Amino acid sequence: MNLTERIKKHNAAVRCNSRNRVCYRQACAVCKEDACFAPHELRSRLLRYMVGNEVKCERTWLGRWRCGVCGRTFTDHPDFRTAV
Ligand SMILES: [Zn+2]
C-alpha cells in the first residue's frame with residue numbers, strides 16, 4: 001500500500017464518529033493507563049510528501065481523545081505523520 005492509499009485509509013478510519021474511530025496510542029502519556037480514551041474532536045492538517053520528484057498535498061484528519069482517568073486531551077498521530 002503506498003502512502004496516498006495509507007492516508008485515505010487513515011482518514012476513513014479516523015472520521016467515523018464513534019468509539020470505533022481508530023486510535024494509535026496504546027497508553028495515556030500522562031497517567032500511563034491503557035486505552036481508556038473517549039473520542040474528543042477532529043483536527044485537520046495538510047500533509048505534503050514526496051512521490052518521486054513530485055510534491056503531493058493531501059488533507060489528513062487527526063483524532064483528538066480524552067483520557068477517562070486523568071481527563072487530559074491529546075492528538076493521536078499515525079506513524080506516517082509524526083507530531084511536530
Ligand atoms: Zn490519562
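Look at the range 19-44: where a residue is closer than 17 Å to K8 by Cα and a partner is aliphatic (A, V, I, L, M) and within 12 Å of the ligand (Cβ to nearest atom), sitting 6+ places away or on another chain with Cβ atoms under 8 Å, you get C23/A35. In summary, I7 fulfils each of the numbered conditions (1) surrounded by 13 or more Cβ atoms within 10 Å (Cβ to Cβ); (2) without any contact (Cβ under 8 Å) to a residue 60 or more places away in the chain with the single exception of condition (2).
To keep it simple, each residue is scored yes or no on (1) among the basic types (K, R); (2) surrounded by 12 or more Cβ atoms within 10 Å (Cβ to Cβ).
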position: A13; (1), (2): no, yes
position: N17; (1), (2): no, no
position: H40; (1), (2): no, yes
position: L46; (1), (2): no, no
position: K56; (1), (2): yes, yes
position: L62; (1), (2): no, yes
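Only residues that are outside any loop (DSSP other than H, G, I, E, B), of a type in the set (D, E, K, R) and within 13 Å of the chain's Cα centre (by Cα): list them for the range 19-50, please.
First, pick out the residues of the range 19-50 that are outside any loop (DSSP other than H, G, I, E, B): 27, 34, 37-50.
Now drop any that are not of a type in the set (D, E, K, R), which leaves 34, 41, 43, 45, 48.
Once the filter is applied, which keeps residues that are outside any loop (DSSP other than H, G, I, E, B), of a type in the set (D, E, K, R) and within 13 Å of the chain's Cα centre (by Cα), the range 19-50 yields E41, R43, R45.
Taking the criterion of being more than 16 Å from the ligand (Cβ to nearest atom), small (G, A, S) and more than 14 Å from L62 (Cβ to Cβ), the only residue of the range 16-44 that qualifies is S18.
Would you call A13 out of contact with any strand residue (DSSP E or B) (no Cβ under 8 Å at 6 or more places or on another chain) and more than 16 Å from the ligand (Cβ to nearest atom)?
yes
The residues in the range 19-28 that are out of contact with any Pro (no Cβ under 7 Å at 6 or more places or on another chain) and either surrounded by 13 or more Cβ atoms within 10 Å (Cβ to Cβ) or modelled with pLDDT under 90 (or both) can be counted, and the count is 6. When restricted to residues that are closer than 20 Å to K9 by Cβ and either surrounded by 10 or more Cβ atoms within 10 Å (Cβ to Cβ) or over 11 Å from the mean Cα position of the chain (by Cα) (or both), the range 64-81 contains 8.
The values are calculated or read from the model by the stated rules, or taken from the named source; none is laboratory data. Everything numeric in this text was worked out from a predicted model, so none of it was measured. Positions of Cβ are generated from backbone atoms using ideal geometry, with glycine treated the same way; all protein chains shown enter the neighbour counts.
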